[in-house]
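Data block below; observations after.
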Amino acid sequence: MRICLVAICLLFAGFSKSWGRQSLLTEITEGRSADIHSDVFRADTTRRYEVKACKGHAVTISAWVWLTTSQSSFFAANDAFFYGLIFGLECSKASAEQRLMTCFGTAKAWEKTGGVVDCPSGCWNHLVATIEPTGRVTEYLNGQQVVSTSTGKQIEIVPGTILSVMFGSEASTAGMPADTELGRLGGFEVYDSAMSPVEVNALYLAGHEHQGQPIKSLSPMAAGVGLVLGLVVLAFSLRDRAKKPLTTPSITIQPRVRTISPY
């Protein structure tokens with residue numbers, strides 16, 4: 001029985017990739033080559049992703065961002081004629097407010113929602129938005145819910161469209177050198193389902209422990225859990241087996257009679 005349990009756990013570790021949340025993004029190496037594989041975004045840096053089909057009309061957008069100044073802003077825009085999504089951190093120059101902003105296209109119009117946040121500069125912050133099949137949008141900052149609004153609309157994403165990630169500044173860019181650092185992206189991902197508040201907090205804690213370098217997929221986490229469970233069960237199985245006395249059953253050897261035929 002224990003051996004079967006070990007096998008199940010190890011199979012869970014091996015096949016957990018298919019059970020994990022599917023990524024909707026494929027990174028495209030376009031833009032400023034010096035920054036495309038680093039986390040630094042400058043005034044002329046853009047990172048681009050191809051978006052896959054979203055079959056379940058539900059997504060989770062997760063981004064780890066580092067703002068250089070309080071005037072910096074972050075955007076991920078996928079504008080495909082009232083399809084797709086826009087997610088970002090707006091910084092109002094007039095009121096000095098920061099607002100998480102989520103827009104998604106319904107093929108007829110854009111639905112926009114957002115909440116005021118305090119996102120400090122000079123450190124990593126985790127921004128998340130979930131869109132449920134019912135159209136409810138929930139935003140999170142560092143694992144904590146900011147706002148939850150029901151729009152009653154479904155998101156529509158055109159497969160193959162491009163999502164562009166960039167940083168900007170609400171301050172005047174006049175005279176700003178092109179290599180001025182505006183922000184950093186520690187990780188960016190869009191999943192094919194809406195995470196629960198517990199899952200969002202777990203994602204934040206996992207990335208926070210790695211200093212803003214989040215685990216991009218939940219599949220390795222599931223694989224690790226399965227492997228650990230399998231090893232634990234195997235260890236207990238071997239320990240119990242070692243406690244059993246090793247006895248050798250007595251064997252009575254019967255004398256063999258060899259008969260030789262004269263014919």
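The values are calculated or read from the model by the stated rules, or taken from the named source; none is laboratory data. Keep in mind the model is a prediction, meaning the values are calculated, not measured. Every residue, glycine among them, receives a Cβ derived from its backbone with ideal geometry; neighbour counts consider all protein chains shown. SASA here: full protein model, heavy atoms, side chains in, ligands and nucleic acids out. Shrake-Rupley method; radii C 1.70, N 1.55, O 1.52, S 1.80 Å.
Residue by residue through region 163-195, note down the ones that are part of a loop (DSSP other than H, G, I, E, B) and modelled with pLDDT under 85. Show your work before the answer.
Of the residues in region 163-195, the ones part of a loop (DSSP other than H, G, I, E, B) are 170-180, 192-195.
Listed by number, the residues that qualify are Glu170, Ala171, Ser172, Thr173, Ala174, Gly175, Met176, Pro177, Ala178, Asp179, Thr180.
Answer yes or no: is there a residue in region 170-178 that is at positive phi and touching a His at 6+ places or on another chain (Cβ under 7 Å). Break it down into steps so the answer makes sense when it comes.
Looking only at region 170-178, we keep the residues that are at positive phi, and these are 175.
Okay, now just the ones that are also touching a His at 6+ places or on another chain (Cβ under 7 Å), so none.
No, the conditions are met nowhere in region 170-178.
Only residues in region 187-201 that are touching a residue at least 24 places away in the same chain (Cβ under 8 Å) count as the first member; pair them with residues that are of a type in the set (A, V, I, L, M, F, W, C) and assigned to a helix (DSSP H, G or I), Cβ under 8 angstrom, at least 6 apart or cross-chain, and list the lot.
Partner pairs satisfying both residue conditions: Met195/Leu203.
Any residue that is over 15 Å from Val59 (Cβ atoms), among the aromatic types (Phe, Trp, Tyr) and assigned to a loop (DSSP other than H, G, I, E, B) - is there at least one of those in region 76-90?
Scanning region 76-90 turns up at least one residue that is over 15 Å from Val59 (Cβ atoms), among the aromatic types (Phe, Trp, Tyr) and assigned to a loop (DSSP other than H, G, I, E, B).
Being of a type in the set (Phe, Trp, Tyr) and out of contact with any Phe, Trp or Tyr (no Cβ under 6 Å at 6 or more places or on another chain) is true for just one of Phe74, Phe81. Which residue is that? Break it down into steps so the answer makes sense when it comes.
Details: Phe74 fails: out of contact with any Phe, Trp or Tyr (no Cβ under 6 Å at 6 or more places or on another chain).
Going through Phe74, Phe81 in turn, just one is of a type in the set (Phe, Trp, Tyr) and out of contact with any Phe, Trp or Tyr (no Cβ under 6 Å at 6 or more places or on another chain): Phe81.
Suppose we filter region 55-81 for residues that are open to solvent by 20 Å² or more (accessible area, probe 1.4 Å), in contact (Cβ under 8 Å) with a residue 40 or more places away in the chain and of a type in the set (A, V, I, L, M, F, W, C); how many remain? Full working, then the answer.
Taking region 55-81 first, the residues open to solvent by 20 Å² or more (accessible area, probe 1.4 Å) are 55-57, 66, 68-71, 75, 77, 79, 81.
So of that shortlist, the ones also in contact (Cβ under 8 Å) with a residue 40 or more places away in the chain come out as 55-57, 66, 68-71, 75, 77.
Then keep just the ones that are of a type in the set (A, V, I, L, M, F, W, C); that gives 66, 75, 77.
Summing the residues that are open to solvent by 20 Å² or more (accessible area, probe 1.4 Å), in contact (Cβ under 8 Å) with a residue 40 or more places away in the chain and of a type in the set (A, V, I, L, M, F, W, C) in region 55-81 gives 3.
Confirm whether Thr161 is more than 19 Å from Phe75 (Cβ to Cβ) and either touching a Leu at 6+ places or on another chain (Cβ under 6 Å) or polar (S, T, N, Q) (or both). Step through it out loud before you land on a result.
Working: more than 19 Å from Phe75 (Cβ to Cβ): no; either touching a Leu at 6+ places or on another chain (Cβ under 6 Å) or polar (S, T, N, Q) (or both): yes.
Spelling it out, it is not the case that Thr161 is more than 19 Å from Phe75 (Cβ to Cβ) and either touching a Leu at 6+ places or on another chain (Cβ under 6 Å) or polar (S, T, N, Q) (or both).
Being surrounded by 15 or more Cβ atoms within 10 Å (Cβ to Cβ), more than 18 Å from Leu25 (Cα to Cα) and touching a residue at least 24 places away in the same chain (Cβ under 8 Å) narrows it down to one of Gly84, Gly115, so name that one. Before the answer, list the steps.
Details: Gly84 fails: more than 18 Å from Leu25 (Cα to Cα).
That would be Gly115, the only listed residue that is surrounded by 15 or more Cβ atoms within 10 Å (Cβ to Cβ), more than 18 Å from Leu25 (Cα to Cα) and touching a residue at least 24 places away in the same chain (Cβ under 8 Å).
Among the residues of region 129-145, is any crowded, with 20+ Cβ neighbours inside 10 Å, aliphatic (A, V, I, L, M) and within 24 Å of Glu27 (Cα to Cα)?
yes
Of all residues in region 91-105, count the ones that are assigned to a strand (DSSP E or B) and either of a type in the set (Phe, Trp, Tyr) or surrounded by fewer than 16 Cβ atoms within 10 Å (Cβ to Cβ) (or both). Steps first, answer last, please.
Keep residues of region 91-105 that are assigned to a strand (DSSP E or B), which gives 91, 98-105.
From what's left, either of a type in the set (Phe, Trp, Tyr) or surrounded by fewer than 16 Cβ atoms within 10 Å (Cβ to Cβ) (or both): 104.
Adding up the residues that qualify gives 1.
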